[in-house]
Amino acid sequence: MDKKFRVHIEFDQCKACGRCIIACPRKILALGKKLNRQSYPAAYQAKDGCIGCGACFYQCPEPGAVTVYEIVEA
Ligand code: SF4
Ligand code: SF4
C-alpha cells in the first residue's frame, strides 16, 4: 500500500511567509484566516495528498514550525 503523509504546522511558530505554500508540489498548503500569537495567518494543510517530499520543511525559515509525519495505520 502507498505510504500516506501529513504535515503539521505549529500555529504560533509560523510567520506566514508563504514559502512552504509555493514550494509544495501538490499545492495543498494554504494560509489560514485566524491570526496566531504573533499576528500572522499561519499556514496549514488545507487538502489531503501530501507525498512527504519535505519541501515545506526545508523551505521554512522558522525552526520547529513544520513537521512531516508518515501516517501509519495499525
Ligand atoms: S511534504 Fe511535500 S507534499 Fe507534503 S505538504 Fe510538504 S511540500 Fe507538500
Ligand atoms: S514556510 Fe514556515 S513560516 Fe513560512 S508560511 Fe510556511 S510554515 Fe509559515
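Structure notes:
- Environment charge of residue 14, counting only residues whose C-beta is closer than 15 Å and scoring Lys/Arg +1, Asp/Glu -1: +2
- Against the rule of thumb 2.2 N^0.38 Å, how large the Cα Rg of segment 4-71 comes out: 0.99
- 5 angstrom amide H check on residue 45, placed H, neighbours 5+ away: 9
- Count, lysine Cα pairs under 27 Å in the chain, 8 or more residues apart or across chains: 13
Any read-out appearing in this document is the output of simple, stated calculations on the displayed coordinates, not a laboratory observation. Please read all numbers here as calculations on a predicted model, not as lab measurements. Quick reminder, even Gly has a Cβ in these numbers, built from the backbone with ideal geometry, and neighbours come from all protein chains shown.
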